[in-house]
Structure formats: structure tokens, C-alpha cells
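Just so it is clear, none of the values below were taken in a lab; they were calculated from the coordinates. Quick caveat, the model's predicted, so the values are computed rather than measured. Every residue, glycine among them, receives a Cβ derived from its backbone with ideal geometry; neighbour counts consider all protein chains shown.
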Amino acid sequence: MRVKVRPFARNGEGRRLPYFYPGYGSTVKRAPKNRLIPLDHTLSEVTGPVFWSGPDTADLTKGHGGAPLGERVILAGRVLDEDRRPVAKTLIELWQCNAAGRYRHPVDQHDAPLDPNFDGFGQVVTGEGGEYRFLTIKPGAYPWRNTYNSWRPAHVHLAIAGPAFATRLITQMYFPGDPLLAFDPIFQSVSDPAARERLVARYDPELSEAEWALGYRFDIVLRGREETPVENG
Amino acid sequence: MSERLIPTPSQTVGPFFHFGLERAEWSDLARSGTPGERIAIEGRILDGDGAPVADAFLELWQADAAGRYSHPDDPRFDETQGSGFLGFGRVFTDGDGAFRFLTIRPGPVAGLGNSLQAPHIAVAVFARGLLKQLYTRIYFADEPANESDPVLGSIEDMSQRNTLLAVRREETEIPVYRFDIVLQGPEETAFFDL
């Protein structure tokens, strides 16, 4: 059976991200040394999981006996592709540490308290316009053993399914004006400043709710399609 | 036409993702009882020193036993409706870098031009130390169609090609295929530029 496949674009800055990046020490023994093998997109790459169900857990501040400690924040935006087309009904998973900089994870031994009222994960499926919204608390900065006295800037992890296996994106969202960004090798691994700015949310007074929560807007841009379809079959 | 937007770059999943991403049921892709040969696939993820990668996970994407993807771009998508088979999985490594997932053996799917691709499972590897995912594919070493698979055929180095072949072992319950992933070094797995 012949089938037309529209490949995804290969021009994004994210694609130029290195695997070997010694400033981030964990890459040194985990980066492949061989050149990646070019793979023209087939039906296997342009399809992917698109049917999502399960609970909408967009409010990370509820579900416990009390309110979590920290600065309440609304994180909202749209998932689009490079051509500004909204990506509807796609799964976004979010996870983060608490306001003190501690993850609810057995391996995290940072000497900061866990918050009994905060687990730090949630998920939503985007609306028809690609829109999403989470209510959470602002995560804290925390130390990590990359080099002596390294600190990660406050960040939220986001996993976006997208329309195909080839568009799968896992990234981190940062907060504007964080002085740690200049020193963070994970953030700085993106060499193009304009692409780096994609990772920083924008404070949005329209999104903030009076006497309640600060609003940050963060649009997520996935790979778009190539112009020309190719035949599979 | 307006200029294209800059895509959002990837950032590493870091070491602390389990509590946010783990869904135990997603390590059985055939949990809906879809028709096909039930198999297990297991292996380890190793780094450039041969050390286990304990903070990693795989995402898996495959066609059903008839080679149909549960996605609207597949021309036979309508036939997949109602089976409950999504073809997507996620599995985490343990302290030994080991993983194991259950699925059904996929059928062959359309390739470029007039070609047919041998049965395979698309794999994305995520871990601390990977700024973005690595893509590879699991093929089945006992599959005759591998001979004419265009993707396998594009890999000239035979030892590199062989890193994509999962090897079958009969066990009492269900057949088990072994597939190790070596991130770096002489046994390095073949990874694709998608």
C-alpha cells in the first residue's frame, strides 16, 4: 500500500543541541561517539501516540490536607508548531521540585525539607487551540554535583507528546530574571540566544490573579512539517 | 507567509523524573489483549564505562500485529479502532540499568518508495546526561524480512547494524527478546538522526 508521508522539518535549534557537552559532566560518558545515522522519516516516525486519557491534574496545589508552601503560580500557554498551527489534544506532563528545592524522589538527598502538601507532578491535555494551564508553586533553586558549588536555576520539567514520535519533546521551563541562568550549563547548552529565550517564561500581568497567584506565560513550539510529502508504500 | 517560529529546544530529563512520569501499566503495550504474539523485551542500558544507567527510561512506539499504527496518518487507521491497542509504552531502568516490557510482535509497515519495513519498534531513550533523546529501533534477529529492510540496509557497518537486532530466548511463559542499549564505546548502539 502506498502512503504519503509528510516529514518533519530538520532546521530547529534543538536539533543542533550536542550530546557531548563537557560543561554538563553527565554527558561525558553517555554521549554516543559515532555519527548519528540519517533516517528519512517513514510512517514509523510521522505517527505517534495521540490518544490520551486519564485524570486532568492541572492543579498541583490541591489533593492534600493543606496548601503547599511557596509562591503560587499559574503557568499557561499554547503548544504550536513552527508554522503557528496549534497542537490540540496532546499530552503535557509536568514535574518539579518544591519551593525549598527538593524533589519527592528517593535519590534526591538535598538537605531541604519535603513538603507534605506537595508532590510536584501533574498532567493536562491541550485544548483545541493548543492551550494549557497549570496551577502550581514556584520551584526553588537547588545545588547539584556538576562542579563545585553548582546550582540549578528554578525550573519546571515539561514533557510534550506532540503529533508524532519525531516531535516528542522533553524540556525545562525557567523563570525570567533568574541570575542562575547565566551559570547553568544545561540552559547554556543551547547556543543560539534566541532559541534559549524559548525556554524562559514571560511574566504576564494579565494572567496573574489578584490576591491569589502570579501568572507566567510559556508557549511551546514543536517541529513543523516539510513542504513536500514523500511516498511510502 | 510569516517567518517560522524557533522551536523550543530540548533539555535533559535530569535524574529525578520517576515520580512524575512513571505509569506502571505503560510497560505492557498489549494490556488491552490485542491479537498477536505476546513477547517480552528486556535488556540493560550501559554507559561508556560499561556502567549501568539507572536513571533512564525508554519510550516505545510500534504498529500492531498487522502492521497498522494507531494514528490517523496510517491509511488503515480505521481498522485499528476498537482493538484498544495504542502501540505506545514507557519503561524505566532499575538500579542495574535493566528494563523489561511486554508487547506483541509488530507486523511489517510501509517504508519509503515501494519498500516494506521489517517489523520494528521505534525507541526514544531519555536519561540524565542526555540533553535530548536518542532514537533507535528494535528489530528481531529471527525475522527474514530484515534482509530487505531499507533502514537496516542503510547501515554499512555490520556490527553496528547488529546492535539493532533483539535476540530470542524461549522461556516457559512467553518468548523473551534481549536488547541492550550501549550509549557509548565499541559496542555502541546505532542511533538515528530523526
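Under 12 Å from a label point 7 Å along Cα→Cβ of A:Glu71: give me every residue in region A:144-178 with its amide N that close. The answer is A:154-155, A:175-178, whose backbone nitrogens lie closer than 12 Å to the label point.
So what is the calculated 222 nm ellipticity per residue for the protein assembly as shown, using -39500 (n - 2.57) for each DSSP H run with n of 4 or more, over all residues, to the nearest 500 deg cm²/dmol?
Values: 7 runs with 30 residues, N = 427.
After summing the helix terms and dividing by the residues of the protein assembly as shown, the value is -1000 deg cm²/dmol.
For a test of the definition: using alpha carbon positions, the gyration tensor, and the 1.5 limit on a/c, classify the protein assembly as shown as rounded, prolate or oblate. Could you put the intermediate results ahead of the total?
Working: a/c = 1.61, a/b = 1.45, b/c = 1.11.
Taking the square roots of the gyration eigenvalues as a ≥ b ≥ c, the protein assembly as shown is prolate.
The calculated FRET efficiency for the pair A:Asp40 and A:Phe20, based on their C-beta separation and a Förster distance of 22 Å, comes to about 0.30. Projected label points at B:Phe19 and A:Arg84, each 7 Å from Cα along the beta carbon direction, are separated by 4.1 nanometres.
Using the charge dipole of region A:3-232 (Lys, Arg: +1 at Cβ; Asp, Glu: -1 at Cβ; taken about the Cα centre), state which of A:Gly122, A:Pro139, A:Val107 has its Cα farthest towards the positive end. The one lying farthest along the dipole's positive direction is A:Val107. Here the Karplus curve 6.51 cos²θ - 1.76 cosθ + 1.60, taken at θ = phi - 60°, turns the phi angles of region B:170-185 into couplings of 7, 10, 4, 7, 9, x, 10, 9, 9, 9, 8, 10, 10, 6, 7, x Hz, with x standing for Gly and Pro. Working note: Karplus 6.51/-1.76/1.60 with θ = phi - 60° gives region A:202-218 the couplings 10, 5, 10, x, 5, 8, 4, 10, 4, 6, 9, 8, 7, x, 10, 9, 9 Hz, where Gly and Pro are set to x.
Apply the a/c threshold of 1.5 to the C-alpha gyration tensor of chain B and tell me whether it is rounded, prolate or oblate. Verdict is rounded for chain B.
Could you please report the charge total around A:Val50, scoring K, R as +1 and D, E as -1 over all other residues with beta-carbon less than 12 angstrom from its beta-carbon? Spell out each step's value before the answer.
Details: positive: A:Lys89, A:Arg168; negative: B:Asp73, B:Asp74.
In short, 0.
Determine which aspartates and glutamates satisfy two conditions relative to A:Lys62: a Cα distance under 19 Å, and not lying fewer than 8 residues away in the same chain. Correct list for A:Lys62: A:Glu71, A:Glu93, A:Asp115, A:Asp119, A:Glu209, A:Glu211.
Quick one, can you get me the convex hull of the C-alpha atoms of region A:3-232 expressed as volume per residue in Å³?
Dividing the Cα hull volume of region A:3-232 by its residue count gives 149 Å³.
Ranking B:Pro150, B:Phe85, B:Asn114 by how far each Cα lies toward the positive end of the dipole of chain B (charges on Cβ) leaves B:Phe85 at the top. What the phi angles of region B:119-126 give under the Karplus curve with 6.51, -1.76 and 1.60, with θ = phi - 60°, is a coupling list of x, 7, 10, 7, 10, 10, 9, 10 Hz, glycine and proline written as x.
For B:Asp94 and A:Glu226, what does the FRET efficiency come to when R0 = 30 Å and r is the distance between their Cβ atoms, rounded to the nearest 0.05? Display every interim value, and only then the final one.
Details: r = 39 Å, r/R0 = 1.31.
Here the calculated transfer efficiency is 0.15.
Placing +1 on each Lys and Arg Cβ and -1 on each Asp and Glu Cβ, with no other charges, gives region A:3-232 a dipole about its Cα centre of roughly 820 debye.
With the charge dipole of region A:3-232 set up from +1 on Lys and Arg Cβ and -1 on Asp and Glu Cβ about the Cα centre, the Cα lying farthest toward the positive end among the listed residues A:Ile160, A:Leu91, A:Pro22 is that of A:Pro22.
Taking a ≥ b ≥ c as the square roots of the Cα gyration tensor eigenvalues, with a/c under 1.5 meaning rounded and otherwise prolate when a/b beats b/c, else oblate, which class fits region B:1-83?
Working: a/c = 2.26, a/b = 1.14, b/c = 1.97.
It is oblate, given that a/c is not under 1.5 and a/b is not larger than b/c.
Cross-link partners for B:Lys132 among the aspartates and glutamates, with Cα-Cα distance under 14 Å and sequence neighbours closer than 8 places in the same chain left out: A:Glu13, B:Glu59, B:Asp193. For peptide B:67-74, the mean count of partner chain Cβ atoms within 10 Å of a residue's Cβ comes to 6. With the simple spin-label model, which puts each label point 7 Å out from Cα in the Cβ direction, the A:Trp212 to B:Gln160 separation comes to 5.6 nm. Taking amide H as placed 1.01 Å from N in the peptide plane, the amide H of B:Gln117 sits under 5 Å from that of B:Val109, B:Ala110, B:Gly111, each at least 5 places away or on another chain.
For the peptide A:117-128, the mean number of other protein chain Cβ atoms found within 10 angstrom of a residue's Cβ is 1.
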